[in-house]
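Engineer: Please see the structure below; I have some questions.
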Amino acid sequence: MDSREILSQFFSGALNTANVSTAFAELQKIVERIGTPSDLHESACARYALGFIRRLIQYKRDEASELDLCMNLRDLVIINGSIRVSDLVYQIAKQHRSEFGFLCENNNQVSCIPSYPEWLHPQAYINDVYRLRYMSDQDFTALSVGDEILSGFTKFRTYKSFEQKMAVHMALKLPEGYTLLVSQPTGGGKSLVTQMLAASSVGLTLVIVPTVALALDQYYAAKDTLRETEDIYCYRGDQSTEERVKIIHAVRDKTARLLFTSPEAILKNTELFNLLENGAKDAFLKNVVVDEAHVVPDWGVFFRPDFQLFSIALKKWRKNSSNSIRTFLLSATLSDDVVETLLSLFGSEGMNTQLRCDSLRQEPRFYFYPVKGRKEQHEKTIEAAKLLPKPLVIYVLEPREATELRKQFLEQGYQNIPCFTGDTRDNERDIILRGWKENQYDIVIATSAFGIGVDKPDVRTIIHACAPENLSRFYQEVGRAGRDRLPSISLLMPYTSNLEGEGDLSRAFGLVNKRVLTVKTMVTRWFSMFRSDAAIVGVDECILDTSVASSAMSADEAEYVGNRNMAWNVNLLLFLHRTGFIALEDVCYDVNKRSFLVTAKLLKPEIMSDRNALNSALEEPRAEEYAKQTADYRAMSKLISSPNTRCWGRAFRSLFPLAVEVCHGCPSDPTGRITTDSKYKVREKPILSLPAHELSRVLQRHMGSYRTLIVHNQDAKQLTEDELNKLCQKAENCGIGTIIIPNTCQYSILFSGLVLTFDEFFFTSTYLPFLFNSGILCLFPDDQAIGTALYTSLQRLSTLDYPEVIYCDKDFRLSAAGKTIADSIDGYSISLDKF
């Protein structure tokens with residue numbers, strides 16, 4: 001039964017609780033089927049059906065207006081075709097048919113003649129999205145075979161992709177003290193890394209997130225995904241005292257297993273900070289995850305400096321833990337300078353590694369439409385929001401703009417359109433985030449506060465009624481759409497002006513320009529802190545109070561600026577730390593002063609105590625810092641100023657050099673510039689060496705002094721599912737950590753280790769050979785060519801001294817060698833019943 005049939009049955013029955021529950025349950029089953037391109041299409045159709053039922057319920061509760069209902073119904077019938085609806089819906093559609101293009105026929109049938117904004121060309125992009133058409137030339141990321149680690153800890157039986165599986169298993173194998181940076185495409189399932197770390201670790205996994213929205217999103221996802229959810233917590237500002245006390249007790253009693261929070265919550269809550277510091281000393285704190293790590297260099301330079309200050313605390317905790325804490329930096333596609341900054345802040349000297357799976361999005365089709373004034377921008381935004389596919393996010397630069405735009409929607413009769421900005425209260429954020437994920441809204445108006453990490457798979461359109469301050473932000477926000485791998489639309493609609501100081505680009509540059517202090521301001525602020533009465537200064541070390549006002553400010557100015565003054569001071573200290581003038585060794589928060597106290601080692605004490613010397617020394621690094629901050633803005637500015645100069649896919653590729661260029665349509669290339677990507681998207685070999693596990697007694701008895709063993713079975717090619725899983729159990733009993741199975745194997749593999757298909761093994765043996773350090777069981781096929789290729793790969797791995805068990809017919813002949821495998825290896829052969 002598809003979504004049309006379920007909707008038909010829903011409308012034929014009364015709108016009662018039982019009918020709604022049945023419809024939701026049946027539609028949800030379709031939503032969760034995503035194994036093939038056709039499944040993706042059906043899943044998306046089911047989401048539209050779910051959304052309409054929710055909107056109808058909201059209408060009956062006066063939580064949505066008739067226009068909200070009609071806007072949703074329009075998308076539903078464009079995608080699903082003519083639908084027979086209830087009398088109520090039919091009368092509402094008939095009343096508003098001219099505005100929405102409804103055709104109201106006999107028998108309560110409603111269809112729609114779609115109309116799109118006339119000023120958007122080509123309209124083929126919109127048609128692609130409404131058809132939910134998975135492009136035949138688009139790379140389809142197939143699900144990857146799962147294992148008992150995955151199915152035992154989560155509700156999943158397969159991995160979302162090969163790259164997700166590699167990220168999880170590399171994270172689980174990461175040695176103590178190491179830092180692992182994982183980059184995966186937006187929507188690639190990075191959250192599973194965090195969840196599996198928490199589920200498999202004895203101790204606490206601490207997850208640092210940039211926004212409350214993301215903290216809640218990740219918290220709910222973990223609760224929904226993991227089988228054991230008792231010890232999962234989210235610490236944030238809007239909680240009741242009772243909820244906070246519960247979390248504090250869980251950390252103190254060492255029962256918490258997974259904690260989502262922000263750097264501010266840790267640094268500014270003395271009790272929580274001390275508990276985590278003690279947890280590091282006691283080896284209770286096992287893993288620290290910084291999610292959406294790409295925002296740390298961006299935001300930490302001026303806004304939310306707590307991110308980079310947290311890295312100081314983490315280094316201290318790592319030292320106190322005897323270097324046992326593992327650190328994970330998770331993000332989407334990354335630029336080189338961001339990677340450099342992240343590893344300088346959070347890295348472990350000599351113990352850093354990366355799993356880079358950077359990929360550009362294949363889903364977006366890009367529209368560009370500049371406007372000549374704010375009034376036109378708002379009018380065109382509202383028109384586009386009504387006529388483009390939904391769910392839809394409208395991004396603006398500032399909270400006041402979001403409020404004004406929402407007011408205009410309300411004046412037209414829409415009711416169910418929330419705003420999500422930096423000014424939105426925490427309890428409202430929670431409501432909006434939940435509603436968005438549960439299909440309760442078709443449109444959200446937002447600033448960048450909404451974008452980070454909010455994982456809703458079926459967003460179809462992103463409108464930027466602004467000029468984002470840099471290309472990174474623009475691309476990350478475009479990535480909020482199309483996470484279900486179906487087409488999406490990006491509409492960039494800035495207000496452009498030739499007048500100096502006018503237009504959205506000027507406003508965006510204002511945001512970027514103030515992120516780097518002038519040399520004069522830096523020197524003034526440094527000596528204001530360094531010479532203040534609050535400073536404790538030694539020969540080569542000092543403790544500085546970041547609330548000290550700049551000597552260039554009057555008392556009134558200092559009081560007015562408040563927290564911004566402290567942010568500027570922290571910004572300066574971080575800059576001096578990054579550029580090698582000081583080393584930040586400790587940080588604590590003074591609750592009474594509401595200020596960070598930072599311990600700094602003076603790496604160049606003569607310069608740091610001489611105004612003229614410091615002024616001269618800062619010129620070059622300040623210029624380099626400014627160039628870095630403005631480079632990404634200039635890339636965004638160039639895209640807006642010359643949108644037809646080059647394919648937008650190439651512009652993004654220049655920002656993210658490890659990714660492969662891809663474009664399905666932009667102002668420069670209306671028909672798209674599609675580049676075929678590799679099947680497996682690990683871009684570089686991770687640098688990591690793992691020693692071979694000690695052989696179990698059982699395996700030692702079978703292998704002796706050799707590292708290869710043949711388990712022979714005359715009928716291996718006829719292996720049944722039961723026999724395979726018995727073999728897996730034997731391998732586990734021998735301490736083997738990886739099993740290699742045929743590409744066509746459809747069995748459910750009961751193996752608590754890494755399971756790879758032949759194709760996955762060929763790639764992994766070259767790029768991630770360390771994953772086999774606990775041994776391999778390889779099931780040879782009846783095919784001589786494939787068997788020979790497997791043998792060749794195993795021979796290459798043998799230099800690592802990892803144990804290898806080959807399950808095959810004892811008379812299997814290698815095509816190249818012209819002899820049996822038993823005659824080709826150094827090792828013993830035993831029968832299956834003796835293994």
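Engineer: I'd like the full set of residues that are within 19 Å of residue 439 (Cα to Cα) and either aliphatic (A, V, I, L, M) or outside the structural domain of residue 449 (by TED's automatic domain parsing) (or both), limited to the stretch 407-423.
Structural biologist: 417 - this is the single residue of the stretch 407-423 that is within 19 Å of residue 439 (Cα to Cα) and either aliphatic (A, V, I, L, M) or outside the structural domain of residue 449 (by TED's automatic domain parsing) (or both).
Engineer: Among the numbered criteria (1) free of Cβ contacts under 8 Å to residues at least 60 places away in the same chain; (2) surrounded by fewer than 21 Cβ atoms within 10 Å (Cβ to Cβ); (3) part of a helix (DSSP H, G or I), which single criterion is violated by residue 434?
Structural biologist: (1)
Engineer: Scan the stretch 720-767 for residues that are assigned to a loop (DSSP other than H, G, I, E, B) and crowded, with 19+ Cβ neighbours inside 10 Å and report the count. Outline the logic, then answer.
Structural biologist: Filtering the stretch 720-767 down to residues assigned to a loop (DSSP other than H, G, I, E, B) leaves 720, 734-737, 742-753.
Next cut, crowded, with 19+ Cβ neighbours inside 10 Å only: 734, 736-737, 749, 751, 753.
Residues meeting the conditions: 6.
Engineer: Would you point out the residue of the stretch 441-452, among those that are out of contact with any Gly (no Cβ under 8 Å at 6 or more places or on another chain) and at pLDDT 85 or above, that is farthest from residue 476 (Cα to Cα)?
Structural biologist: If we filter the stretch 441-452 for residues that are out of contact with any Gly (no Cβ under 8 Å at 6 or more places or on another chain), which is where we start, we get 443-446, 448, 450-452.
Then drop every residue that is not at pLDDT 85 or above, which leaves 443-446.
Numbers: 443: 18, 444: 17, 445: 16, 446: 14 Å.
If we take residues in the stretch 441-452 being out of contact with any Gly (no Cβ under 8 Å at 6 or more places or on another chain) and at pLDDT 85 or above, then 443 is farthest from residue 476 (Cα to Cα).
Engineer: With the checklist (1) in a loop (DSSP other than H, G, I, E, B); (2) closer than 22 Å to residue 265 by Cα in hand, flag the one item residue 553 doesn't pass.
Structural biologist: Evaluating residue 553 over (1) in a loop (DSSP other than H, G, I, E, B); (2) closer than 22 Å to residue 265 by Cα leaves (2) as the failure.
Engineer: Another one. Got a number for residues in the stretch 786-835 being small (Gly, Ala, Ser), under 23 Å from residue 744 (Cβ atoms) and under 43 Å from the mean Cα position of the chain (by Cα)? Give the derivation first.
Structural biologist: Here is the first cut: in the stretch 786-835, the residues small (Gly, Ala, Ser) are 787, 789, 793, 798, 815-818, 822, 824, 827, 829, 831.
When the remaining residues are screened for being under 23 Å from residue 744 (Cβ atoms), the result is 787, 789, 793, 815.
Imposing the further condition that a residue be under 43 Å from the mean Cα position of the chain (by Cα) reduces the set to 787, 789, 793.
Qualifying residue count for the region: 3.
Engineer: Hey, another quick one. Is it fair to say residue 103 is among the aliphatic types (A, V, I, L, M), without any contact (Cβ under 8 Å) to a residue 24 or more places away in the chain, outside any loop (DSSP other than H, G, I, E, B) and under 28 Å from residue 126 (Cα atoms)? Step through it out loud before you land on a result.
Structural biologist: Details: among the aliphatic types (A, V, I, L, M): yes; without any contact (Cβ under 8 Å) to a residue 24 or more places away in the chain: yes; outside any loop (DSSP other than H, G, I, E, B): yes; under 28 Å from residue 126 (Cα atoms): yes.
Spelling it out, residue 103 is indeed among the aliphatic types (A, V, I, L, M), without any contact (Cβ under 8 Å) to a residue 24 or more places away in the chain, outside any loop (DSSP other than H, G, I, E, B) and under 28 Å from residue 126 (Cα atoms).
Engineer: Of all the residues that make up the stretch 638-670, how many are under 26 Å from the mean Cα position of the chain (by Cα) and of a type in the set (S, T, N, Q)?
Structural biologist: Going residue by residue through the stretch 638-670, those that are under 26 Å from the mean Cα position of the chain (by Cα) are 639, 647-666.
From the residues that got through so far, the ones that are of a type in the set (S, T, N, Q) too are 654.
Residues meeting the conditions: 1.
Engineer: Only one residue in 374, 361, 326, 356 is touching a residue at least 40 places away in the same chain (Cβ under 8 Å), under 24 Å from the mean Cα position of the chain (by Cα) and closer than 30 Å to residue 510 by Cα, so which one is that?
Structural biologist: Only one candidate qualifies: 361.
Engineer: Taking residue 339 as meeting all but one of (1) in contact with a Leu (Cβ under 9 Å, 6 or more places away or on another chain); (2) assigned to a strand (DSSP E or B), write down the number of the exception.
Structural biologist: Residue 339 satisfies all of (1) in contact with a Leu (Cβ under 9 Å, 6 or more places away or on another chain); (2) assigned to a strand (DSSP E or B) except (2).
Engineer: Now, a different point. Residues in the stretch 638-662 that are in contact with an Asp or Glu (Cβ under 6 Å, 6 or more places away or on another chain) and farther than 30 Å from residue 498 by Cα: how many?
Structural biologist: Looking only at that region, the number is 4.
Engineer: Can you tell me how many residues within the stretch 407-423 are within 20 Å of residue 212 (Cβ to Cβ) and in contact with a strand residue (DSSP E or B) (Cβ under 9 Å, 6 or more places away or on another chain)? First the steps, then the outcome.
Structural biologist: The initial filter retains those residues of the stretch 407-423 that are within 20 Å of residue 212 (Cβ to Cβ), namely 418-423.
Filter once more, keeping what is in contact with a strand residue (DSSP E or B) (Cβ under 9 Å, 6 or more places away or on another chain): 418-421.
So the count comes out to 4.
Engineer: Restricting attention to the stretch 802-819, which residues are crowded, with 17+ Cβ neighbours inside 10 Å and either hydroxyl-bearing (Ser, Thr, Tyr) or assigned to a loop (DSSP other than H, G, I, E, B) (or both)?
Structural biologist: 802, 803, 807, 809, 812
Engineer: In the list 153, 102, which residue meets the criterion of being in contact with a strand residue (DSSP E or B) (Cβ under 9 Å, 6 or more places away or on another chain), aromatic (Phe, Trp, Tyr) and under 25 Å from residue 484 (Cα atoms)? Working first, answer last.
Structural biologist: Details: 102 fails: under 25 Å from residue 484 (Cα atoms).
Just one listed residue meets the conditions, 153.
Engineer: Applying the selection to the stretch 597-654, what residues are acidic (Asp, Glu) and part of a loop (DSSP other than H, G, I, E, B)? Spell out how you get there, then give the answer.
Structural biologist: First, pick out the residues of the stretch 597-654 that are acidic (Asp, Glu): 606, 610, 619-620, 624-625, 632.
610 - this is the single residue of the stretch 597-654 that is acidic (Asp, Glu) and part of a loop (DSSP other than H, G, I, E, B).
Engineer: Separate question: Return a yes/no flag: does the stretch 411-419 have any residue that is under 22 Å from the mean Cα position of the chain (by Cα) and crowded, with 22+ Cβ neighbours inside 10 Å.
Structural biologist: Start the filter on the stretch 411-419 by keeping residues that are under 22 Å from the mean Cα position of the chain (by Cα), which leaves none.
No, that holds for no residue.
Engineer: For the structure I just gave you, tell me whether residue 256 is touching a Ser or Thr at 6+ places or on another chain (Cβ under 6 Å), closer than 22 Å to residue 177 by Cα, part of a loop (DSSP other than H, G, I, E, B) and of a type outside the set (Ser, Thr, Tyr).
Structural biologist: Working: touching a Ser or Thr at 6+ places or on another chain (Cβ under 6 Å): no; closer than 22 Å to residue 177 by Cα: yes; part of a loop (DSSP other than H, G, I, E, B): yes; of a type outside the set (Ser, Thr, Tyr): yes.
For residue 256, the condition - touching a Ser or Thr at 6+ places or on another chain (Cβ under 6 Å), closer than 22 Å to residue 177 by Cα, part of a loop (DSSP other than H, G, I, E, B) and of a type outside the set (Ser, Thr, Tyr) - is not met.
Engineer: Next question. Counting only residues that are in a strand (DSSP E or B) and without any contact (Cβ under 8 Å) to a residue 24 or more places away in the chain, which one in the stretch 530-544 is nearest to residue 601 (Cα to Cα)? Lay out the reasoning, then the answer.
Structural biologist: Our first condition is that a residue be in a strand (DSSP E or B); within the stretch 530-544, this holds for 536-537, 541-544.
Then keep just the ones that are without any contact (Cβ under 8 Å) to a residue 24 or more places away in the chain; that gives 536-537.
On the way: 536: 12, 537: 10 Å.
Restricting to residues being in a strand (DSSP E or B) and without any contact (Cβ under 8 Å) to a residue 24 or more places away in the chain, the top hit is 537.
Engineer: Inside the stretch 52-74, can you point out the residues that are buried (at least 22 other Cβ atoms within 10 Å of the Cβ), part of a helix (DSSP H, G or I) and either within 25 Å of the chain's Cα centre (by Cα) or touching a residue at least 60 places away in the same chain (Cβ under 8 Å) (or both)?
Structural biologist: Correct list: 55, 68, 71, 72.
Engineer: Determine whether residue 395 is aromatic (Phe, Trp, Tyr), touching a residue at least 24 places away in the same chain (Cβ under 8 Å), under 30 Å from residue 127 (Cβ atoms) and buried (at least 21 other Cβ atoms within 10 Å of the Cβ). Explain how you work it out, then say what you get.
Structural biologist: Values: aromatic (Phe, Trp, Tyr): yes; touching a residue at least 24 places away in the same chain (Cβ under 8 Å): yes; under 30 Å from residue 127 (Cβ atoms): yes; buried (at least 21 other Cβ atoms within 10 Å of the Cβ): yes.
Taking the combined requirement at face value, the residue satisfies it.
Engineer: Does residue 502 satisfy the criteria of being under 29 Å from residue 634 (Cβ atoms) and among the acidic types (Asp, Glu)? Spell out the reasoning first.
Structural biologist: Details: under 29 Å from residue 634 (Cβ atoms): yes; among the acidic types (Asp, Glu): yes.
Yes.
Engineer: Right, next: Condition first: in a loop (DSSP other than H, G, I, E, B), outside the structural domain of residue 480 (by TED's automatic domain parsing) and under 15 Å from the mean Cα position of the chain (by Cα). Can you find one or more residues in the stretch 210-232 that meet it?
Structural biologist: Yes.
Engineer: Any idea which of (1) modelled with pLDDT under 95; (2) surrounded by 16 or more Cβ atoms within 10 Å (Cβ to Cβ); (3) over 30 Å from residue 735 (Cα atoms) is the one residue 607 doesn't satisfy?
Structural biologist: Residue 607 satisfies every listed condition except (1).
The values are calculated or read from the model by the stated rules, or taken from the named source; none is laboratory data. Please read these numbers as outputs of a predicted model, since none were measured by experiment. Note that each Cβ is placed from the backbone with ideal geometry, even for glycine, and that neighbours are counted across all protein chains shown.
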